[in-house]
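**Student:** Quick one: structure below, then a few questions.
The numbers here are math on the coordinates, done by the rules we state, and not lab data. Remember, predicted model here, so these are calculated numbers, not experimental data. Glycine also receives a Cβ, built like all others from the backbone with ideal geometry; neighbour counts cover every protein chain displayed.
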Amino acid sequence: MRARPPSRRLAGSSGDTGKPFASRSARLEAMNGALDRELTRFSQIVGSTESSLLTEMVQYHLGLRGAGARPGKRVRANLALLTCEAFGRRYADAIWAAVAVELAHNFSLVFDDIQDGDELRRGRAAVWRVWGAPQAINAGAALQALVPKAIAELMPPRHLERLAPALRVVSEATLRLCRGQVMDLEFEQRVDVSVDEYLQMIELKTAGLFACATRLGALAAGAGEAASERAADFGRHLGMAFQIIDDIQGIWGSSAQTGKPEGSDLRNGKKTLPTLVALKAGPAAGRRQLRGLLTRASFTPSEMEVARTVLAQANAHAYCRRQASEHLAEARLSLFAMTERPNWAVRALGDMATTFEAGLA
């Protein structure tokens, strides 16, 4: 039976009981069921009787409560779990890694939404729009505080020698994410951002967290340094492709695809890859026009169409597709070099790359 794509959340069944699974999809459901139970448990303990609002905000953001609740895709968490299994270990050994990287990803989203002024997250009002920016900052900080707690409490006692390396990997990834976010916000105020600068920024942010997830999965499995590096390379290239595809959809995709207002990246004046390509390679008149629109970051519907026309004249869509495809190819090379005995999890990770590739269609 063909598994559902790992990029989709699979709710469900019991944790790893040691019993054989009937199918790949059943095992993926068990993995994500165990992940969701732990995310629910940690979100419940984040607040107290006096601060139940903190629990409410965290659970709302994680998609665990409230009208229209829609949990995230759990991509990074699934990367950690599947990487552990790819090295021949049980996913239960990597639950700590999956929970930690999912929490890390989500605290960054809370802050991103505040900084970017994005009003929607996963198809409903962002935390800051519901409770205000000051309280949303508290929710983001609480999610961040849960990251080391999850690692310390969920790591199997027999693997405690991995605690310090795990904390170091997550801390370094968080620092890289913050550096990348500083660059990202600076770019909004500049008109001279280069494509190379942008690629460096997404390597720090999105690709860095993907690489963190796969490295943690390898650490949970007890993989050697060389194998862990290949796992991190797989995550990094997959993350680069993921972000570039997200950039494409952020301009040409619908709100249903992105969970954000259509064209929000353009409206916020964000220098994503398609716009930077157009600012570098488009016709001179189009470059001037687009630069003016990005500086204002307040587009009417007709101006949005003008911006998309300039992007089309620069062949920005085709350039981004090529970049994403090249990173996916590199990701597959690193994936199949990870272990000499590929198993179902390696194939599932390959399917994840294929699922991302479908977003280029």
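**Student:** Once you charge only the Cβ atoms, +1 for Lys and Arg and -1 for Asp and Glu, what is the size of the charge dipole of the stretch 24-358 about its Cα centre, to the nearest 20 debye?
**Tutor:** 380
**Student:** Follow-up. Please name whichever of HIS237, ALA329, LEU266 sits farthest to the positive end of the charge dipole of the stretch 231-361, dipole taken about the Cα centre and charges placed at Cβ: Lys and Arg +1, Asp and Glu -1.
**Tutor:** LEU266
**Student:** Related question: Taking the Cβ-Cβ separation of LEU120 and GLU229 as r and a Förster radius of 35 Å, what is the calculated FRET efficiency to the nearest 0.05?
**Tutor:** 0.40
**Student:** For the chain, which DSSP H helices look membrane-span-like by this rule: Cα extent along the axis of 15 Å or more and mean Kyte-Doolittle of at least 1.0? Can you show the working numbers first?
**Tutor:** Numbers: long enough: 24-45 (32 Å, -0.55); 75-86 (16 Å, 0.94); 95-116 (31 Å, 0.73); 133-154 (31 Å, 0.80); 163-187 (36 Å, 0.53); 206-221 (23 Å, 1.30); 225-252 (40 Å, -0.05); 284-296 (19 Å, -0.62); 301-313 (18 Å, -0.03); 316-336 (31 Å, -0.36); 344-358 (21 Å, 0.38).
Passing helices, by number: 206-221.
**Student:** Here's another thing I want to ask about it. Under the rule of -39500 (n - 2.57) per DSSP H run of 4 or more residues, summed and divided by the residues of the chain, what mean residue ellipticity at 222 nm is obtained, to the nearest 500 deg cm²/dmol?
**Tutor:** So the calculated ellipticity at 222 nm is -22500 deg cm²/dmol.
**Student:** Just how many pairs of Lys in the chain have C-alpha atoms closer than 30 Å, counting pairs that are eight or more places apart or on different chains?
**Tutor:** 17
**Student:** Further question on the same structure: Identify, among PHE187, GLY88, THR206, the residue whose Cα sits farthest towards the positive end of the charge dipole of the chain, taking +1 on the Cβ of Lys and Arg and -1 on the Cβ of Asp and Glu, with the dipole about the Cα centre.
**Tutor:** Of the listed residues, the answer is GLY88.
**Student:** Test of understanding: what is the full-extension gain from ALA358 to GLN44, defined as 0.36 nm times their sequence separation minus their Cα-Cα distance?
**Tutor:** 109.4 nm
**Student:** Something else: Starting from the amide H of ARG121, placed 1.01 Å from N in the peptide plane, find each other amide H under 5 Å away whose residue is 5 or more places distant or on another chain.
**Tutor:** Residues meeting the criterion, in which the H sits 1.01 Å from N, are ALA126.
**Student:** Further question: Tell me, rounded to the nearest percent, the portion of alpha carbon pairs in the chain spaced more than 38 Å apart.
**Tutor:** Working: 10418 of 64980 pairs.
Of the Cα pairs, 16 percent sit more than 38 Å apart.
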